[in-house]
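Enquirer: First the structure, which I've put down as structure tokens, then a few questions once you've had a look.
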Amino acid sequence: MAAVVVAGLTSVWFLPVLCPDLRTAFDFSSLLSIHLSMCSNIHPSIHHFLILSFQCDPGEATKLLYDLLYTEPIKIVLMPGCSGVSTLVAEAARMWNLIVLSYGSSSPALSNRQRFPTFFRTHPSATLHNPTRVQLFQKWKWTRIATIQQTTEVFTSTLDDLEQRVKEAGIEISVRQSFLTDPAVAVKNLKRQDARIIVGLFYETEARKVFCEVFKEKLYGKKYVWFLIGWYADNWFKIKDPAINCTVENMTEAVEGHVTTEIVMLNPETVRGVSNMTSQEFLTALMSRLGGKNPEETGGFQEAPLAYDAVWALALALNKTVAPLKAKGRRLEDFNYNNHDITSEIYRALNTSSFEGVSGHVVFDAQGSRMAMTLIEQLQGGSYKKIGYYDSSQKNLSWFGNDVWIGAGPPADRTVVIEEYRFLSQKLFAAVSVFAGLGILLGIVCLTFNIYNGNVRYIQNSQPYLNNMTAVGCMMALAAVFPLGIDGHHVHRSQFPVVCQFRLWLLGLGFSLAYGSMFTKIWWVHTLFTKKEEKKEKKKQHLEPWKLYATVGVLLAIDFLSLMIWQIVDPLHITVEKFTKEAPKEDLDVLIQPLLEHCNSEKMNTWLGVVYGYKGLLLLLGIFLAYETKSVSTEKINDHRAVGMAIYNVAVLCLITAPVTMILSSQQDASFAFASLAIVFSAYITMVVLFVPKMRRLITRGEWQSEQQDTLKTGSSTNNNDEEKSRQLERENRELQKIIQEKEERVSALRNQLAERQALRNRRRPSTGQNQNHSAPPPSSQPDPKSLLPPPGYPNPTTDNHSLPPSFSNSSNLYPADSKMSRNHCHNSQIPLLYK
């Protein structure tokens with residue numbers, strides 16, 4: 001007579017009946033006896049069972065499998081327990097056309113019909129936990145989780161499935177850690193990477209190791225939630241384990257509040273199933289058979305309803321095959337390892353199974369896995385409390401609402417980061433704004449003064465239109481202080497780019513007007529009054545005002561075009577700078593993320609380099625020109641020394657402030673203080689140096705608007721003109737003396753030449769003739785009066801009120817009447833050489 005492993009014609013075998021997590025054997029003989037006493041309607045060939053129990057060892061299972069296959073009777077169905085053995089047995093069973101039905105295998109890898117074509121299990125796949133976990137993540141609004149797993153196939157497959165499901169739900173796995181035997185490093189990594197919601201996949205013995213490290217790293221409490229597998233013993237954390245060095249109190253503290261998900265292995269409803277027993281009646285009968293043994297210390301106790309329903313599923317399936325086989329003229333007793341038809345009938349019967357068992361409704365999916373509800377529990381006060389159920393097939397969550405948290409509620413899935421914008425100190429902004437406002441008023445006063453007294457000669461000689469431009473430029477630069485201090489505290493972010501434009505244009509054009517007009521004065525003073533001696537005549541040329549205005553216009557046009565190109569090609573926009581997160585002083589699970597708004601563009605550094613380079617060259621050139629013209633005195637631009645002093649101050653402030661503000665750009669208060677105070681000081685110094693002396697002069701000396709009054713005054717203006725004329729005459733006198741000295745040297749040279757010629761002639765002529773020629777007096781001993789006239793352009797000595805030096809006025813006495821020069825030897829045309 002044929003026999004089967006687990007189910008057959010005359011006997012049933014259990015290949016390991018071991019719970020995969022505890023790895024301890026449990027004898028199901030009493031359980032099956034309870035079952036068989038109520039199986040009067042089952043095929044009689046299944047009434048005899050032989051139960052074999054041993055450790056969950058794939059190697060031992062392989063040996064036993066081959067021993068059973070090659071000994072009588074013939075086996076029809078194999079019923080392994082844990083996942084490791086089921087993987088090996090189910091993959092080999094198809095070679096003998098054997099059906100495999102497991103009651104304790106949860107590995108997701110077994111849900112593969114191509115690899116395991118004849119495999120069924122009443123224990124749902126471990127992946128059935130994952131829909132429940134995802135549902136809880138969404139319920140508590142978590143979008144970031146971490147995982148830690150023991151490196152085994154069942155947990156790796158479960159985690160791969162979880163990763164796919166959370167990805168579809170928009171949840172991120174930020175940290176994924178694994179370990180083989182020692183979880184210390186993995187737990188430290190979780191702590192370092194700020195993991196808050198942690199899914200743990202490991203066996204019970206490794207769970208104790210993990211939570212001992214969790215206690216050491218303080219990775220528990222109100223900030224953390226752990227998700228564990230629910231098929232551990234209820235007191236798993238209280239069991240003394242020599243592999244850890246934590247006390248029971250430490251472990252109890254570390255595991256408090258964790259959540260477990262477990263397949264519903266006992267029907268929660270009071271329903272009589274196919275066995276005519278309710279789940280509670282089944283537990284009562286099972287406890288009586290255990291003889292008072294503690295269920296929490298009994299390995300495989302939780303899987304007992306699954307094993308009971310597995311036998312019922314097999315029995316019902318075998319009963320289903322009787323009629324189809326009989327119709328084909330066959331019986332179960334006709335099965336052999338080459339008979340595929342009987343195997344197909346048993347497969348079809350199991351695949352269509354649907355009945356109420358003590359574990360709930362028993363039905364298999366397309367992969368042969370059990371479809372079941374998931375129980376959700378939470379450890380509260382050292383004991384597990386049911387807080388809900390989840391039916392993944394119906395996507396229905398039954399929530400009891402009795403979940404308890406250490407804090408005010410479910411913790412955040414990460415450290416809550418609060419974005420906090422840094423704004424400018426309003427006190428600083430108000431103080432600088434007051435100074436800027438007063439500076440604008442000062443600029444209005446200076447501009448009004450310059451326009452009102454535009455007819456005064458002293459004001460006219462200072463190029464008042466350029467001074468007006470300077471005042472307007474200073475006021476524009478001061479007005480730029482206000483948008484420079486406006487930030488998100490005052491305007492909406494959408495309006496901030498407009499503020500950026502105001503900053504750039506007011507400051508750029510204000511600088512061009514203020515500094516450009518001063519630079520123009522210094523430039524033309526240097527051009528006209530610092531030439532070499534041979535170009536002194538150009539001093540007398542008239543300085544035309546349009547040249548000054550044209551120079552300012554060129555500088556202003558360059559700035560305008562550069563700013564316009566900048567705004568068209570790469571306009572300014574708002575950017576946000578992030579700083580290092582800061583922890584608040586209070587004990588809160590939050591971090592402060594400081595943010596700072598900036599006006600920026602895509603190539604900001606390039607544009608700033610161009611602008612700063614151009615402005616820097618102008619400042620340096622202005623300093624050079626001011627130094628070169630410090631000793632020049634001219635009436636045409638009578639305030640150029642004051643302009644030079646203003647240029648010194650502006651250049652120094654700008655050259656220092658520009659790099660400092662770039663370095664301090666991340667410190668809004670310091671950056672604003674440096675930039676705004678540099679603008680204020682530059683504007684104040686410029687207006688005070690240029691306009692206050694003019695105001696003081698006109699007030700103290702009474703030089704007011706009327707030109708007639710100005711000419712009647714005997715003030716310093718007339719004295720200055722006389723002093724200038726006197727200095728000019730002295731310079732001309734020195735030049736004339738130099739010319740006379742040169743002519744005297746020329747006359748002496750000519751005399752020497754005449755003497756040499758005379759001596760040569762005396763040698764050639766007879767002495768008598770020579771004496772007669774030389775004894776004759778010259779026709780006239782007086783020089784030609786016309787030859788002694790001064791050169792054109794020089795004043796006549798008889799009419800000039802200013803007497804010439806003696807060396808020049810007595811120059812005619814240098815040529816006495818008895819001189820050897822005569823008409824025969826010195827032509828009159830040589831005399832004017834004295835004045836050339």
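The values are calculated or read from the model by the stated rules, or taken from the named source; none is laboratory data. Quick caveat, the model's predicted, so the values are computed rather than measured. Positions of Cβ are backbone-derived with ideal geometry, glycine not excepted, and every protein chain shown enters the neighbour counts. Areas reflect the complete protein model, heavy atoms only, side chains present, ligands, DNA and RNA absent. Shrake-Rupley method; radii C 1.70, N 1.55, O 1.52, S 1.80 Å.
Enquirer: Among the listed residues VAL134, VAL166, which satisfies the condition of being more than 28 Å from ALA313 (Cβ to Cβ) and surrounded by fewer than 22 Cβ atoms within 10 Å (Cβ to Cβ)? Steps first, answer last, please.
Expert: Numbers: VAL166 fails: surrounded by fewer than 22 Cβ atoms within 10 Å (Cβ to Cβ).
None of the other options fit; the residue is VAL134.
Enquirer: Let me ask you something else. Are there any pairs with C-beta distances below 6 angstrom linking a residue in region 413-424 that is over 14 Å from ARG144 (Cα atoms) to a residue that is small (Gly, Ala, Ser) and outside any loop (DSSP other than H, G, I, E, B), with the two at least 6 apart or on different chains, and if so which?
Expert: Once the first residue is over 14 Å from ARG144 (Cα atoms) and sits in region 413-424, its partners that are small (Gly, Ala, Ser) and outside any loop (DSSP other than H, G, I, E, B) give LEU424/GLY485.
Enquirer: May I ask you to list pairs of residues, at least six apart or on different chains, whose Cβ atoms are under 8 Å apart, with the first in region 482-504 being under 22 Å from GLY439 (Cβ atoms) and the second being outside any loop (DSSP other than H, G, I, E, B) and among the small types (Gly, Ala, Ser)?
Expert: PHE482/SER433; PHE482/ALA436; LEU484/ALA675; LEU484/SER676; GLY485/SER433; GLY485/SER676
Enquirer: Which members of region 548-599 meet the condition of being open to solvent by less than 40 Å² (accessible area, probe 1.4 Å), over 30 Å from ASN461 (Cα atoms), out of contact with any strand residue (DSSP E or B) (no Cβ under 7 Å at 6 or more places or on another chain) and free of Cβ contacts under 8 Å to residues at least 40 places away in the same chain?
Expert: ASP570
Enquirer: Kindly evaluate PHE116 against the criterion of being within 25 Å of GLY388 (Cα to Cα) and either touching a helix residue (DSSP H, G or I) at 6+ places or on another chain (Cβ under 6 Å) or open to solvent by less than 10 Å² (accessible area, probe 1.4 Å) (or both).
Expert: Against the criterion (within 25 Å of GLY388 (Cα to Cα) and either touching a helix residue (DSSP H, G or I) at 6+ places or on another chain (Cβ under 6 Å) or open to solvent by less than 10 Å² (accessible area, probe 1.4 Å) (or both)), PHE116 does not qualify.
Enquirer: Quick one: is LYS218 surrounded by fewer than 21 Cβ atoms within 10 Å (Cβ to Cβ), within 40 Å of the chain's Cα centre (by Cα) and either modelled with pLDDT of 95 or more or assigned by the TED database to the domain that holds GLY381 (or both)?
Expert: Here the answer is yes, as LYS218 does meet what is asked.
Enquirer: Can you give me the number of residues within region 437-457 that are in contact (Cβ under 8 Å) with a residue 60 or more places away in the chain and open to solvent by less than 60 Å² (accessible area, probe 1.4 Å)?
Expert: Adding up the residues that qualify gives 8.
Enquirer: Of these, SER86, SER107, SER111, which one is open to solvent by less than 10 Å² (accessible area, probe 1.4 Å), polar (S, T, N, Q) and over 19 Å from GLY230 (Cα atoms)?
Expert: SER86
Enquirer: Whether any residue in region 376-390 is within 30 Å of LYS191 (Cβ to Cβ), basic (Lys, Arg) and without any contact (Cβ under 8 Å) to a residue 40 or more places away in the chain is what I want to check.
Expert: For region 376-390, residues within 30 Å of LYS191 (Cβ to Cβ), basic (Lys, Arg) and without any contact (Cβ under 8 Å) to a residue 40 or more places away in the chain: present.
Enquirer: Report, ordered by the first and then the second residue, all pairs with beta carbons closer than 6 Å, sequence separation of six or more or different chains, a first member in region 70-86 that is in the same structural domain as ASP334 (by the TED database), and a second member that is aromatic (Phe, Trp, Tyr).
Expert: Every condition considered, the pairs that remain are ILE76/PHE335; MET79/PHE14.
Enquirer: For region 332-347, indicate whether the set of residues that are small (Gly, Ala, Ser) and either at positive phi or surrounded by fewer than 19 Cβ atoms within 10 Å (Cβ to Cβ) (or both) is non-empty. Even if it seems obvious, please write down each step before you answer.
Expert: At the first step, the residues of region 332-347 found to be small (Gly, Ala, Ser) are 344.
Next cut, either at positive phi or surrounded by fewer than 19 Cβ atoms within 10 Å (Cβ to Cβ) (or both) only: 344.
Checked against the condition, which is being small (Gly, Ala, Ser) and either at positive phi or surrounded by fewer than 19 Cβ atoms within 10 Å (Cβ to Cβ) (or both), region 332-347 yields at least one hit.
Enquirer: Restricting region 137-165 to residues that are in contact with a helix residue (DSSP H, G or I) (Cβ under 6 Å, 6 or more places away or on another chain), part of a helix (DSSP H, G or I) and of a type in the set (A, V, I, L, M), which is farthest from ALA207 (Cα to Cα)?
Expert: The residue in question is LEU162.
Enquirer: Listed residues PHE681, PHE674, PHE624; which is under 27 Å from SER562 (Cα atoms), in the same structural domain as ALA514 (by the TED database), part of a helix (DSSP H, G or I) and in contact with a Ser or Thr (Cβ under 6 Å, 6 or more places away or on another chain)?
Expert: Checking each option against the conditions leaves just PHE674.
Enquirer: Still on this structure, please answer the following. Can you tell me which condition ASP365 does not meet? The list is (1) touching a helix residue (DSSP H, G or I) at 6+ places or on another chain (Cβ under 9 Å); (2) open to solvent by 10 Å² or more (accessible area, probe 1.4 Å), and all the others hold.
Expert: (1)
Enquirer: Considering ILE239, ILE197, which residue is crowded, with 17+ Cβ neighbours inside 10 Å and either of a type outside the set (Lys, Arg) or touching a residue at least 24 places away in the same chain (Cβ under 8 Å) (or both)?
Expert: ILE197
Enquirer: Determine which single condition TRP142 fails, assuming it passes every other condition in (1) assigned by the TED database to the domain that holds LEU201; (2) at pLDDT below 90.
Expert: Among (1) assigned by the TED database to the domain that holds LEU201; (2) at pLDDT below 90, TRP142 violates only (2).
Enquirer: Restricting the search to region 402-420, which residues are open to solvent by less than 70 Å² (accessible area, probe 1.4 Å), farther than 16 Å from GLN138 by Cα and at pLDDT 85 or above?
Expert: Passing the criteria: ASN402, TRP405.
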